[in-house]
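Right, one structure below, let's go through it.
The values are calculated or read from the model by the stated rules, or taken from the named source; none is laboratory data. Remember, it's a predicted structure, so these values are computed and weren't measured experimentally. Glycine gets a Cβ as well: all are built from the backbone with ideal geometry, and neighbour counts include every protein chain shown. Side chains included, ligands, DNA and RNA excluded: accessible areas come from the protein's heavy atoms. Shrake-Rupley method; radii C 1.70, N 1.55, O 1.52, S 1.80 Å.
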Amino acid sequence: MKPRAYVETWGCQMNLHQSEGLSGILEAAGYALVDHLEEADVVVFNGCMVRQKAEEKVFGRIGAVVELKRSRSVLLGVGGCLGQIHGADLLKRFASIDFVFGSSGHSDLPGLIEEARTQRVAVLSEPVFDTVNRFKRSGTISGMVTITEGCSNFCTYCIVPYARGPMRSRPEDLILSEVMRLREQGYREVLLLGQNVNAYGTDLEKAVTFPELLSAVADTGIERVRFTTSHPKDMSETVFRVMAKRENVCRHLHLACQSGSDAILKAMNRSYDRRHYMDIVKSGRKWVPDLNITTDIIVGFPGETDGDFERTMTLLEEARFGSVFAAKYSPRPNTRGAELPDDVPQATKEERLERILQRQREIALEENGRFVGNELAVLIEGRTKRGELFGRGDDHRTVICPGDAEMGEFVTVRIAGASASSLSGGILERECVGGMT
Ligand code: SAH
Ligand code: SF4
């Protein structure tokens, strides 16, 4: 019988995609992949460290493996950003961890597991581009494609540059051949991944800009092209021109603002101010009128006063985001932010977070309400717990539509209802590609 492996992932889309690589490598090495930790001979945790809470969650899961180890032999490996930062310390801290791996270079994983059968081991990654190309993809409709790894920005709160090394761009031909392959396999959408996609190509010998890459990916004919994440400092108007011109480039921009206060943005080393951020928002909506802009916000960065926070609240009003991912600041090891006093009380952070979420819910409800009565092309991605179909408009809004359609089919939906998190309506027509009318 094949040895059974279980891979569990925390964190961002890049980690999810790396786990698709880990799973692919394990399968190619003869492992049977299982869906439950309890069934596995080898458990692999691909961990996140971006916030303290993410880190604690991974540590919390180790207990389940300890439990399993009481009754039979199981190997536990912990890696990703978490493994890269803590390294061999994890072996000292947790007797149940058998091997530690880093944030890239996972091709060696099967060898590492073999080594761990005789001795506990920690092998970290060099910051080189991972050549893994054996993904066991978690979906069949939308495929993730890495365009850059690592990050060279050093925002003062962020651990990513330490965990993943400097930004490395993947050569354009490899990206395009992967997109073509996905298209041939029946994928209808690709999501281009990087920590700062707009800086794509600046480190390549044959310089290719992100808008050029985006156009080339659109040329492959894949039906939807998405990308994440954009950094305001590198965002250029040309991206919007490509979006406006190319029907298959989706009208969604995830543009993390982090704060609406110039003083805090400076302390975060974000290299833009509020006015620059809003200029991008306005330019985006000029070129692409239905552009859905989503963002990330941190509340309670060291030194954030009530006044600073109010500026983030007013940014919500001005920018009218489609959705917001907001989090309380937590100091991360190695970062410059961790040297500053974490001086915003926990209760204040919670209060600020709640105010952001509350106001954003209202804004999202108002924004979504504008779509009622419109027709929207929706790519069907799954069923809700209640059994209704759901998918996304090209602007990334979730659309719930009771009725019949295949997974991965385009349908036209007439929007009849809106909540803060989704739109809903009946299917008018099946397999129809087009924009909002
Ligand atoms: N490269 C992306 C962000 C990747 S990290 C970008 O620059 O947009 C994802 C998000 O986690 C960040 O946008 C930030 O909002 C949040 N984050 C990162 N470090 C954090 C910390 N120390 N505390 C709280 N939130 C943090
Ligand atoms: Fe972290 Fe800033 Fe890089 Fe994003 S751009 S990964 S927030 S350092």
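Just a few scattered comments:
- Residues that are open to solvent by 40 Å² or more (accessible area, probe 1.4 Å) and assigned to a loop (DSSP other than H, G, I, E, B), drawn from segment 406-419: Glu406, Met407, Ser419
- Residues being away from ligand 1 (no atom under 13 Å from the Cβ), of a type in the set (Gly, Ala, Ser), assigned to a loop (DSSP other than H, G, I, E, B) and in contact with an Asp or Glu (Cβ under 7 Å, 6 or more places away or on another chain) are represented in segment 256-266 by at least one member.
- Pick from segment 217-240, criterion farther than 19 Å from Asn196 by Cα and of a type outside the set (S, T, N, Q), ranking: farthest from ligand 2 (Cβ to nearest atom): Gly221
- Some residue of segment 50-68 being part of a helix (DSSP H, G or I), modelled with pLDDT under 95 and within 16 Å of the chain's Cα centre (by Cα): yes
- The set of residues in segment 284-321 being open to solvent by less than 60 Å² (accessible area, probe 1.4 Å), within 29 Å of Asp342 (Cα to Cα) and of a type in the set (Val, Ile, Thr) consists of Thr294, Thr295, Ile297, Ile298, Val299, Thr312.
- Take the conditions (1) modelled with pLDDT of 95 or more; (2) assigned by TED's automatic domain parsing to the domain that holds Leu265; (3) among the charged types (D, E, K, R); Arg117 misses just one of them, which is (2).
- Residues satisfying the criterion are present in segment 144-156 (criterion: under 18 Å from the mean Cα position of the chain (by Cα), away from ligand 2 (no atom under 16 Å from the Cβ) and either among the hydroxyl-bearing types (Ser, Thr, Tyr) or within 25 Å of Asp203 (Cβ to Cβ) (or both)).
- Selected residue (criterion: nearest to ligand 2 (Cβ to nearest atom)) from residues of segment 106-129 that are in contact (Cβ under 8 Å) with a residue 60 or more places away in the chain and open to solvent by less than 20 Å² (accessible area, probe 1.4 Å): His106
- Search result, residues across segment 322-367 that are open to solvent by 60 Å² or more (accessible area, probe 1.4 Å) and among the aromatic types (Phe, Trp, Tyr): Phe325
- Selection count, segment 214-231, where residues are aliphatic (A, V, I, L, M) and under 19 Å from Pro166 (Cβ atoms): 0
- Verdict on Ser261 being more than 16 Å from ligand 2 (Cβ to nearest atom), open to solvent by 10 Å² or more (accessible area, probe 1.4 Å) and of a type in the set (Gly, Ala, Ser): no
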